[in-house]
Amino acid sequence: MFRHIDDSGPLTLGDLRADIVGIDTPVPLLDGTERPYIFLDNAASTPAFGRVMRCIADFLPWYSGVHRGTGFKSVLATDIFDAAHDVVARFVGADPATNTVIFLKNTTECVNKLANRAGLTPEDIVITTAMEHHSNDLPWRKHCRVIHCGILPDGHLDLAQLRADLQKHRGRVKFVAVTGASNITGFVSPVHEIAVWAHEAGAKIFVDAAQLAPHRQMTMLPDDDPRHIDFTALSAHKMYAPFGTGALIGPRVFFAQGEPDMVGGGVVEIVTLESARWNNPPHKDEAGTPNVIGGVALAAAIGVLEAVGMDAVARHETELLQYAYDALEKVPGIVLYGRTKDFAHKVGTITFNLDGKHNSLVAAILGVEGGIGVRNGCFCAHPYVKHMLGVTPEEDQRFTEEVLAGNKSNMPGMVRASLGCYSNEADIDALVAMLQRIQRGEYRGTYRQNMASGAFHADGYAPDVARYFRYHL
Ligand SMILES: Cc1ncc(COP(=O)(O)O)c(C=O)c1O
């Protein structure tokens, strides 16, 4: 089993913050000063673990193309890269005897791969949800009829409707494609319960684990368990290993069948001018030279998360969420979305608006006056965000027309602050303090909105990027 030992002694959650690459990096503020960046955009991408960087540095002297080289470096690199697949299988609790792990670019590519490979016809049905990131919705729409399970007013999935849809279309539903955790509210879906209903209706379940895997212990469960997750996918860049790898996990027999959706080198056993014989999974679906470094980095990051323990990660994030909500609800005029007392079933994603202030304005002030990295807008989950905001169909129509006419200034949205396993109370305190300043009107800048992008920019904020990073060419 892959094990990279470069730091001796037991690892605790408390060690991780100091091991985050760039944790103290100063960033320029509008008033000309600098302050260490406060990274509250972990749901988009996390910074890297130092241990991941050190693992890659140790591996690079051994780096070589994998699978067909005869030299020692290629043999070693192949061994290490293949083992990274096993690390991922173990991390998501997949039986390695019956499942395969396919390394792709990210979760988006994984869902596209699965939808492309599922042999769907226009008569087939995939049930997804109105909570999904577009990456777990649009790929399915290309192939078959997609039914979106509705959302309750509080933002949770309407499980009764999901069940009813499954009953109604029993036998025609090929997949239930559901997010493991929402990138908007952080709500964790009851995926094992949904799996039972999906299996009863003759469907498979795919769990988009892009937001779940970095925050919670996952288990796909044994194949013969009715609660078993058939397929899942995750992104390494959300798991402290931002080197361009995603993993799709699913039954080996599924990927052994059918044609690969992308063909070329690596996917074949033997080729004649007339024919090609496909390789075994996962190679059949990893076309071209794979991202070896990305795979190694993902395995290293998983090693760190496992050493710390996903239970410890979940506990810490749950406590921090409680702390954050207690503090945030005291900010005058704040509207919190996906608020719940059930933090055990919510990952560290906090979405909000400040009454009367454009989400983009708030995000811009946080960035340039607070040095706080958040995100705003509709976060690639437009239907869900609009649901949470209570946008009416008429308003939606108007916003759509405006956007198509090149004006995003009125697009509705939210601000999102998202936690990582290394986030702490000081991060939350800084966010809350800035929000209070904003509400008291104590921000300094003059902000103007770009109608085409909808983004606000502060007059006079044009830091020299080259002072902070440039290529040494
Ligand atoms: C829930 C969810 N699914 C899928 C994705 C897509 O992930 P990626 O951009 O890594 O393909 C994201 C990204 O934010 C996400 O939050």
Check whether at least one residue in the range 409-430 is among the aliphatic types (A, V, I, L, M), in contact (Cβ under 8 Å) with a residue 40 or more places away in the chain and touching an Asp or Glu at 6+ places or on another chain (Cβ under 6 Å), and report yes or no.
yes
Need pairs with beta-carbon distance below 8 Å; first residue charged (D, E, K, R) and within the range 105-119, second near the ligand (Cβ under 7 Å from one of its atoms); sequence gap 6+ or separate chains.
Lys105/Gly246; Glu109/Gly246
Tally up the residues in the range 397-426 that are assigned to a loop (DSSP other than H, G, I, E, B), open to solvent by less than 30 Å² (accessible area, probe 1.4 Å) and under 19 Å from Thr46 (Cβ atoms), please.
5
When you look at Glu269, is it open to solvent by 10 Å² or more (accessible area, probe 1.4 Å) and free of Cβ contacts under 8 Å to residues at least 12 places away in the same chain, yes or no?
yes
Given the condition more than 29 Å from Ala324 (Cα to Cα) and of a type outside the set (Phe, Trp, Tyr), answer yes or no: does some residue in the range 435-448 qualify?
yes
Being open to solvent by 20 Å² or more (accessible area, probe 1.4 Å), of a type in the set (A, V, I, L, M, F, W, C) and either away from the ligand (no atom under 16 Å from the Cβ) or not in a loop (DSSP other than H, G, I, E, B) (or both) is the requirement here; does Leu162 meet it?
no
Residue pairs, Cβ under 6 Å, 6 or more apart or interchain, first in the range 210-223 and more than 10 Å from the ligand (Cβ to nearest atom) and among the polar types (S, T, N, Q), second part of a loop (DSSP other than H, G, I, E, B) and open to solvent by 10 Å² or more (accessible area, probe 1.4 Å). List them.
Thr219/Gly93
Of all the residues that make up the range 96-155, how many are of a type in the set (Ser, Thr, Tyr) and either more than 16 Å from the ligand (Cβ to nearest atom) or open to solvent by 60 Å² or more (accessible area, probe 1.4 Å) (or both)?
3
Taking the stated definitions as given, is Ala89 touching a helix residue (DSSP H, G or I) at 6+ places or on another chain (Cβ under 9 Å), in contact (Cβ under 8 Å) with a residue 60 or more places away in the chain and surrounded by 14 or more Cβ atoms within 10 Å (Cβ to Cβ)?
no
Taking Ala83 as meeting all but one of (1) within 16 Å of the ligand (Cβ to nearest atom); (2) open to solvent by 10 Å² or more (accessible area, probe 1.4 Å), write down the number of the exception.
(1)
Pairs, please: C-beta under 6 Å, at least 6 apart or cross-chain, first residue small (Gly, Ala, Ser) and open to solvent by less than 20 Å² (accessible area, probe 1.4 Å) and in the range 29-47, second modelled with pLDDT of 95 or more and assigned to a loop (DSSP other than H, G, I, E, B)?
Ala43/Asn183
Given Gly288, Gly295, Gly264, which one is open to solvent by less than 10 Å² (accessible area, probe 1.4 Å), of a type outside the set (A, V, I, L, M) and touching a residue at least 12 places away in the same chain (Cβ under 8 Å)?
Gly295
Restricting the search to the range 229-256, which residues are crowded, with 24+ Cβ neighbours inside 10 Å, near the ligand (Cβ under 10 Å from one of its atoms) and either farther than 13 Å from Gln211 by Cα or more than 13 Å from the chain's Cα centre (by Cα) (or both)?
Thr245
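Yes or no, residue by residue, for (1) within 27 Å of Asn376 (Cα to Cα); (2) in contact with a Gly (Cβ under 9 Å, 6 or more places away or on another chain); (3) at pLDDT below 95:
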site: Glu34; (1), (2), (3): yes, yes, no
site: Leu40; (1), (2), (3): yes, yes, no
site: Ala43; (1), (2), (3): yes, yes, no
site: Ala48; (1), (2), (3): yes, yes, no
site: Arg51; (1), (2), (3): no, yes, no
site: Phe59; (1), (2), (3): no, no, no
site: Tyr63; (1), (2), (3): no, no, no
site: Arg68; (1), (2), (3): no, yes, yes
Can you find a residue that is closer than 25 Å to Leu419 by Cβ, touching a Ser or Thr at 6+ places or on another chain (Cβ under 6 Å) and either within 16 Å of the ligand (Cβ to nearest atom) or of a type outside the set (Asp, Glu) (or both) anywhere in the range 15-32?
no
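The rows are residues; the columns are (1) among the small types (Gly, Ala, Ser); (2) farther than 30 Å from Lys408 by Cα; (3) at pLDDT 95 or above.
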position	(1), (2), (3)
Gly288	yes, yes, yes
Ile293	no, yes, yes
Val331	no, no, yes
Asp342	no, yes, no
Leu354	no, no, yes
His358	no, no, yes
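The values are calculated or read from the model by the stated rules, or taken from the named source; none is laboratory data. Worth saying up front: this structure is predicted, and the values here are computed from it rather than measured. Note: ideal-geometry Cβ built from the backbone for every residue, glycine included; neighbour counts use all protein chains shown. Surface accessibility is based on the protein's heavy atoms, side chains included, excluding ligands, DNA and RNA. Shrake-Rupley method; radii C 1.70, N 1.55, O 1.52, S 1.80 Å.
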